[in-house]
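Working notes, structure below.
The values are calculated or read from the model by the stated rules, or taken from the named source; none is laboratory data. Since we're looking at a predicted model, the values are computed, not measured. Cβ placement follows ideal geometry from the backbone for every residue including glycine, while neighbour counts extend to all protein chains displayed. Surface areas here come from the heavy atoms of the whole protein model, side chains and all, with no ligands, DNA or RNA. Shrake-Rupley method; radii C 1.70, N 1.55, O 1.52, S 1.80 Å.
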Amino acid sequence: MATDENSRSSRPLMPSREGAAEALALAEQAQVAVASITPGPAYGVKLSLALAGVYLSHLLPEPWDLVGFALMYVFMLAVIVAQFRHSGVRHRVHPGMKRGMLVAAVFAFVVYLTALYLDDEQGMPWIWAPAGLLVGGGILVHDRQTRKKGIAAS
């Protein structure tokens, strides 16, 4: 009999309807709170355009290419700072996203070096246009895929 009573007391109790309703309300509040700090869809578009602009700035004539390059980096930093001030927190990066971010950074760097080589050594300055579109579009697709994996915003 003693073992029968111990096994009954170790079973979890079924939650009441009130307890389940409270837990559901807390979960919905947490979801709304997470959605309020998540960057909006325009954030990824702005960063992708700025990154494509960095690549496309190489198409400008000689003194203006450095100005365009610097302006695009300043624009990217301004977008990041504005998002930080809007949400009040740094971007959420869960461990699964770290590998994807590293792959995206390596991809962008390899495309940049390849375009730089083709422009300088092979005389193909037009290569910056497809390189910028490839990297900007790739980052935008990567951003949308990571959003689908996270908590859905309501």
Exercise for the section: Report residue 141's accessible area, 1.4 Å probe, all protein chains in place, as a number in Å² to the nearest 10. Expected result: 80 Å²
Handout entry: Length gained when the stretch residue 122-residue 65 is fully extended (0.36 nm per residue, less Cα-Cα span)
Key = 18.6 nm
Problem - Accessible surface of residue 65 - all protein chains present, 1.4 Å probe, nearest 10 Å² - result: 30 Å²
Exercise for the section: Determine how large the accessible area of residue 98 is when every protein chain is in place; take a 1.4 Å probe and give Å² rounded to the nearest 10. Expected result: 120 Å²
Practice task
Can you pull the one-decimal nm distance between simple spin-label points at residue 78 and residue 107, each 7 Å off the Cα toward Cβ?
Solution key: 2.8 nm
Completion exercise
Expressed as a percent, the accessible surface of the range 48-89 that is carbon or sulfur, using a 1.4 Å probe and the full set of protein chains, is 78 percent
